[in-house]
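Structure, as structure tokens:
The values are calculated or read from the model by the stated rules, or taken from the named source; none is laboratory data. What you see is a predicted model, and the numbers here were worked out from it, not measured in a lab. As a convention, Cβ positions derive from the backbone with ideal geometry for all residues, glycine included, and neighbour counts pool all protein chains shown. Note: accessible area is taken over every heavy atom of the protein model, side chains too, but ligands, DNA and RNA are not part of it. Shrake-Rupley method; radii C 1.70, N 1.55, O 1.52, S 1.80 Å.
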Amino acid sequence: VENRLNGRVGYYRNHLTVEPYPADSLKLSDVELAWSITEGGGDDRFSKSGLRVVPMPTRLYIKKQPVWIYYEIYSLRRDASGRTNYTVDYMIRSGSAPGLVSRIARAFQGGEQQVSVAQEQLGAREVEANRMELDLSASAPGEIVVSVTVKDLISGQTASKEAKFLVKE
């Protein structure tokens, strides 16, 4: 990573385990945390499925900054008419600091510090790219965990991944 303002260069290393992705099993890519996601990916290294996904390698967001997540779903089954049908469940858990996420969760779930939102989606492809913007501007600083669970309503298979990040003032 190169800081264009002061010319400093930083390196990030992480061990990577590559999972098998068999064609007959529903799989979910890692949940990528992004600085921004915009339409119309070009011909550069940030282009993915027609989107420009600029990564956030530090996993550290300023409180008023939107948090973008990107992931891909593999091996969705098609019905007789060639359509896919699946649900995506997003669960957001607050770490140590009580903030907006935990206040909402307490109000609706009797004190637990998590919020969950599910969507049913129809498609036509066996591979889908999805994104979501999280607005945590009212959240208190601390660790946040976002989990994505996909259930293929045709095959009945489920796949889940999660990502952790920090929010600071």
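Being outside any strand (DSSP E or B) and buried (at least 17 other Cβ atoms within 10 Å of the Cβ), is that true of even one residue in region 79-94? Within region 79-94, none of the residues are outside any strand (DSSP E or B) and buried (at least 17 other Cβ atoms within 10 Å of the Cβ).
What are the residues in region 55-68 that are open to solvent by less than 50 Å² (accessible area, probe 1.4 Å), in contact with a Leu (Cβ under 6 Å, 6 or more places away or on another chain) and part of a strand (DSSP E or B), if any? Correct list: Val67 only. Of all positions in region 36-44, none carries a residue that is polar (S, T, N, Q) and closer than 19 Å to Val150 by Cβ. Can you pull out the residues in region 69-78 that are open to solvent by 30 Å² or more (accessible area, probe 1.4 Å) and either in contact with a Gly (Cβ under 9 Å, 6 or more places away or on another chain) or part of a loop (DSSP other than H, G, I, E, B) (or both)? Answer for region 69-78, where residues must be open to solvent by 30 Å² or more (accessible area, probe 1.4 Å) and either in contact with a Gly (Cβ under 9 Å, 6 or more places away or on another chain) or part of a loop (DSSP other than H, G, I, E, B) (or both): Arg77, Arg78. The set of residues from region 17-41 being open to solvent by 40 Å² or more (accessible area, probe 1.4 Å) and either farther than 12 Å from Gln157 by Cβ or among the hydrophobic types (A, V, I, L, M, F, W, C) (or both) comprises Thr17, Val18, Glu19, Pro20, Tyr21, Ala23, Asp30, Glu32, Trp35, Thr38, Glu39, Gly40.
No other residue among Arg13, Arg52 is basic (Lys, Arg) and surrounded by fewer than 10 Cβ atoms within 10 Å (Cβ to Cβ) apart from Arg13.
Within region 122-147, residues that are within 14 Å of Lys48 (Cβ to Cβ) sit with their Cβ atoms under 6 Å from residues that are assigned to a loop (DSSP other than H, G, I, E, B), at 6+ positions apart or across chains, in these pairs: Ala129/Ser49.
Applying the set (1) among the small types (Gly, Ala, Ser); (2) in contact with a Gly (Cβ under 9 Å, 6 or more places away or on another chain); (3) within 22 Å of Val146 (Cα to Cα) to Gly50 leaves exactly one unmet item: (3). If only residues of region 139-169 that are at pLDDT below 95 and farther than 17 Å from Leu33 by Cβ are counted, the one that is most open to solvent (accessible area, probe 1.4 Å) is Glu169. Arg8 falls short on exactly one of the conditions (1) within 27 Å of Thr87 (Cβ to Cβ); (2) out of contact with any strand residue (DSSP E or B) (no Cβ under 6 Å at 6 or more places or on another chain), and that condition is (1). Report whether or not Leu136 is modelled with pLDDT of 95 or more, open to solvent by less than 40 Å² (accessible area, probe 1.4 Å) and hydrophobic (A, V, I, L, M, F, W, C). When the stated conditions are applied, Leu136 does not pass them. Among the residues of region 119-159, those that are under 18 Å from the mean Cα position of the chain (by Cα), over 19 Å from Ser94 (Cβ atoms) and of a type outside the set (D, E, K, R) comprise Gln119, Gln121, Val127, Ala129, Asn130, Val150, Thr158, Ala159.
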